[in-house]
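Visitor: Handing you a structure now.
Nothing in this text is a laboratory measurement; each read-out follows from the coordinates by a stated rule. The shown structure was predicted, so the numbers you read here are calculated from the model rather than taken from an experiment. No Cβ is skipped: glycine too gets one built from the backbone with ideal geometry, and neighbour counts run over all protein chains shown.
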């Protein structure tokens, strides 16, 4: 049985703009209301620790690997000795006409995956929220870039998409 979550979004922005949002982990909480904070730098070989509202009070350290700028990367984390491992992949594909297809998938493996899967909250809403927030933020930055004539520096504060209560 496969254990995974995935989400995607067609984003009206260049891969470079989308990538700039993806690697700016400090600002994740400004565009994804499901993230409390992120510690660390999104770069090859670095460790990033995510504090998610989907699982309050828990921190999720992951190792950043397989980084290809403006294209893809992986985050790998889990329990010791490979007893439970999560591998999250991020992929950007330029589709033409100024659009980028963003895909994110997290697969779970290891001898404890069945037990851990049952104990995990449903993360699909968090994955969908991440893709939606990334789309909104990247499109906002792309629009600002176009409106200032491209290439000029811009001072644009991070924004937070509207939050709907549950």
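Visitor: Show me 86-99, 12-25 ranked by packing, highest mean number of other Cβ atoms within 10 Å first. Don't jump to the answer; show the numbers that get you there.
Guide: Working: 86-99: 15.6, 12-25: 20.2.
My ranking of the peptides, most packed first, is 12-25, 86-99.
Visitor: Give me the percent of Cα-Cα pairs in region 17-145 that sit more than 26 Å apart, rounded to a whole number. Each step should come with its number before you reach the end.
Guide: Values: 1710 of 8256 pairs.
When all Cα pairs of region 17-145 are counted, 21 percent exceed 26 Å.
Visitor: Next question. Within region 116-144, list the residues whose amide N lies under 20 Å from a label point set 7 Å along Cα→Cβ of residue 33.
Guide: 122-141
Visitor: Relative to the present Cα-Cα distance, how much length would full extension add between residue 71 and residue 101 at 0.36 nm per residue of separation?
Guide: Values: separation 30, 0.36 × 30 = 10.80 nm, distance 1.04 nm.
That works out to 9.8 nm of additional length.
Visitor: Just want to confirm a number: the relative contact order over the chain, from Cα pairs under 8 angstrom separated by 6+ residues, in percent. Please report the intermediate quantities before stating the final value.
Guide: Numbers: 326 pairs, mean separation 49.0, N = 166.
Averaging sequence separation for qualifying contacts and normalising by length gives 30 percent for the chain.
Visitor: Short version: what are the Cα gyration tensor semi-axes of region 16-74, square root of 5 times each eigenvalue, largest first, in whole Å?
Guide: Working: eigenvalues 79, 39, 13 Å².
In descending order the semi-axes read 20, 14, 8 Å.
Visitor: Right, another one. Of 135, 53, how do they rank once you tally other Cβ atoms within 10 Å and put the fewest first? The partial results should precede the final answer.
Guide: Values: 135 22, 53 13.
Lowest to highest Cβ neighbour count: 53, 135.
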